[in-house]
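Values in this text are rule-based calculations from the coordinates and carry no lab data. Just so you know, these numbers come straight off a predicted model, no measurement behind them. So basically every Cβ, Gly included, is an ideal-geometry build from the backbone, and we count neighbours across all protein chains shown.
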Amino acid sequence: MKLYSGPLSLFSRKVEIALREKGLPFDREMVPFTQAKGYSPKHPAVLAANPKGQVPVLIDGDLTIFDSTVIFEYLEEAYPQAPLYPASPRDRARCRLLELTADEILLPPLRSLMTRTSPPDPDPDRQRQRMAEADRGEIQLRDHYETLSRRLGSQDHFCGERFTVADIALFMTILWVQRLKGPKLDKHPNLAAWYSRVKSRPSAGQAAAEIAAADRELSPPL
């Protein structure tokens with residue numbers, strides 16, 4: 001099994017965590033990345049596999065797939081141990097919605113914070129606009145924290161007793177918020193405790209440590 005990943009690819013790191021949770025050995029190739037050019041030029045194998053030219057791309061035998069959600073679902077069906085989805089159809093649906101929340105609802109305000117590790121816009125007005133958008137993104141993320149805190153309640157994991165793809169996706173999104181100096185979790189102790197529990201897992205801890213190392217190498221200080 002081979003995974004094309006990226007040093008600062010949130011979605012690739014999601015897949016790495018899932019592979020390690022399932023105990024699946026894989027070869028990893030990191031595609032070239034710089035803060036100035038991003039993932040350009042695109043890796044030819046990634047371009048050939050994914051029309052969007054994005055990582056992650058997973059190759060398993062004669063199967064090549066992309067998109068972290070599609071990869072999650074394939075891994076669960078092809079390698080059901082250890083399960084990363086709840087048992088019942090209803091709970092699986094709720095789990096998928098939480099992953100979608102991380103990937104599509106939290107991502108837009110998170111994306112506004114990414115300007116903090118991007119080269120400044122040479123136009124002062126555009127740069128001020130970008131920073132104002134980051135401030136608005138912080139407000140939206142605080143609102144999302146409140147919703148997530150209520151959703152988590154006193155559970156250890158978002159989908160009950162089992163660690164799932166919902167935890168992986170939400171952890172990675174919140175980790176990205178933290179690395180971009182977004183809102184802290186201190187006003188939501190249950191969410192902060194959950195975040196610490198996930199980060200203490202070897203799979204997530206390795207991803208977090210490698211992201212921090214990539215930041216030191218590739219990103220300007222925040």
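Cβ neighbours within 10 Å, averaged per peptide: list 99-110, 165-176, 72-83, 56-67 in order, most packed at the top. Don't jump to the answer; show the numbers that get you there.
Working: 99-110: 18.4, 165-176: 25.4, 72-83: 14.7, 56-67: 16.9.
Result, highest mean first: 165-176, 99-110, 56-67, 72-83.
In a reduced charge model with +1 at each Lys and Arg Cβ and -1 at each Asp and Glu Cβ, the stretch 2-78 shows a dipole moment near 440 debye about its Cα centre.
Using 0.36 nm per residue of separation minus the Cα-Cα distance, give me the extension gain between Thr64 and Lys2 in nm, one decimal.
Details: separation 62, 0.36 × 62 = 22.32 nm, distance 0.94 nm.
Length gained, Thr64 through Lys2: 21.4 nm.
Global dimensions of the stretch 89-218 from alpha-carbon coordinates: Rg and Dmax equal 15.6, 51 Å.
Amide hydrogen proximity for Ser5: with H placed 1.01 Å from N in the peptide plane, the residues at 5 or more positions away or on another chain lying under 5 Å are Glu29, Met30, Val31. For the stretch 120-136, 3J(HN,Hα) computed residue by residue from phi via the Karplus equation (6.51, -1.76, 1.60; θ = phi - 60°) reads x, 5, x, 8, x, 5, 5, 5, 5, 5, 4, 5, 5, 5, 5, 5, 5 Hz, glycine and proline entered as x.
How big is the gap, in Å, between the Cα center of the stretch 97-176 and the Cα center of the stretch 17-78? Each part's Cα centre sits 22 Å from the other's.
For the pair Arg150 and Glu77, the difference between a 0.36 nm per residue extended length and the Cα-Cα distance amounts to 23.2 nm. Taking +1 at the Cβ of each Lys and Arg and -1 at the Cβ of each Asp and Glu, which of Ile168, Ala193, Leu141 sits farthest along the dipole of the stretch 89-218 towards its positive end, judged by Cα position relative to the Cα centre? Going by the Cα projections, it comes out as Ala193.
Taking each DSSP H run with n ≥ 4 as -39500 (n - 2.57) and averaging over every residue of the chain yields -17000 deg cm²/dmol at 222 nm. A dipole drawn for the chain from +1 and -1 charges on Cβ atoms has a positive end, and of Leu100, Gln81, Pro44 the residue lying farthest that way is Leu100. Other residues with beta-carbon under 15 Å from the beta-carbon of Gln81 carry, at +1 per Lys or Arg and -1 per Asp or Glu, a net charge of 0. Trp194 sits among other residues whose Cβ lies under 15 Å from its own Cβ, and their net charge, with Lys and Arg +1 and Asp and Glu -1, is +3. The charge dipole of the chain, taken about the Cα centre with unit charges on the Cβ atoms of Lys, Arg (+1) and Asp, Glu (-1), comes to about 460 debye, rounded to the nearest 20.
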